[in-house]
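The values are calculated or read from the model by the stated rules, or taken from the named source; none is laboratory data. Quantities reported herein were computed from a predicted structural model and do not represent experimental measurements. Ideal geometry is used to build each Cβ from the backbone, glycine not excepted, and the neighbour counts take in all protein chains shown. With ligands, DNA and RNA removed, areas are computed over all heavy atoms of the protein, side chains included. Shrake-Rupley method; radii C 1.70, N 1.55, O 1.52, S 1.80 Å.
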Amino acid sequence: MQKYKSKSNWLNYFRPTIFIKSFNDINIFLLKKIGIKMIICDLDNTLAPHFSRLPTRRVIDFCKKVREHDIKLVIVSNNNKKRVSTYVGKLQVDGVIPNAKKPLKRKIIKMMGQYNVEPNEVIFIGDQFITDIWVANRIGCKSVLVLPLIEQSSDQSSTWIIRFLDRYVYKKLEHGNFLHLDYARGGALGDEYQII
């Protein structure tokens with residue numbers, strides 16, 4: 001008897017490994033313990049609002065903590081080089097990818113190759129299903145979905161389509177009971193916190 005695929009299988013492309021409120025809730029020690037060697041982190045609305053020119057103390061401390069655990073940190077953004085380099089300027093990071101064209105994965109895979117890390121040694125942090133979680137899942141690395149820092153206005157023509165699709169995917173995953181913010185409280189990544 002032929003088995004038919006569920007119509008909701010496409011949602012697997014957008015399901016994060018864990019869902020937490022903020023990058024600041026991530027347990028870096030645990031990431032190191034499970035073999036993570038690189039964190040790839042989205043910039044706008046994940047680390048900082050799109051209008052922030054300089055990193056906050058929380059962001060600086062996060063970057064410092066990642067380095068203390070000997071994990072590579074790469075900042076990735078679809079924004080232009082000037083905006084990204086201005087923000088990242090004094091942060092101690094191992095790589096920066098402006099104009100990344102997410103969800104395309106070529107530039108990200110190239111960066112992973114430079115540091116000789118495998119997908120199972122990488123975790124991707126971002127606030128959007130379409131540009132962050134989808135690319136992470138296509139690469140085959142773990143992913144962390146965080147809540148957007150601010151709600152972007154719908155009149156921003158460059159992002160309104162992505163935001164619309166993100167809301168649609170969120171509702172579908174929530175309806176399917178695939179997103180549990182409480183499960184990821186504290187940023188742990190143990191079995192009891194796995195979503196997929």
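General observations
- Thr131 meets the conditions (1) surrounded by 15 or more Cβ atoms within 10 Å (Cβ to Cβ); (2) more than 25 Å from Asn9 (Cα to Cα) in every case but one. The failed one is (2).
- Every condition in (1) over 20 Å from Pro55 (Cα atoms); (2) open to solvent by 30 Å² or more (accessible area, probe 1.4 Å); (3) at pLDDT 95 or above is met by Arg138 except one, and the failing one is (3).
- Filter pass, Val93 being within 23 Å of Arg15 (Cα to Cα), assigned to a loop (DSSP other than H, G, I, E, B) and in contact (Cβ under 8 Å) with a residue 12 or more places away in the chain: no
- Pairs are defined by a Cβ separation below 8 Å, a sequence spacing of at least 6 or placement on different chains, a first member in the range 47-64 that is among the aromatic types (Phe, Trp, Tyr), and a second member that is open to solvent by 60 Å² or more (accessible area, probe 1.4 Å); the pairs so defined are Phe62/Asn24.
- Which listed residue, of Ile71, Ile34, is farther than 15 Å from Gly126 by Cβ, in contact (Cβ under 8 Å) with a residue 60 or more places away in the chain and over 15 Å from the mean Cα position of the chain (by Cα): Ile34
- Residue in the range 103-119 that is least open to solvent (accessible area, probe 1.4 Å), counting only those that are part of a loop (DSSP other than H, G, I, E, B) and touching a residue at least 40 places away in the same chain (Cβ under 8 Å): Val117
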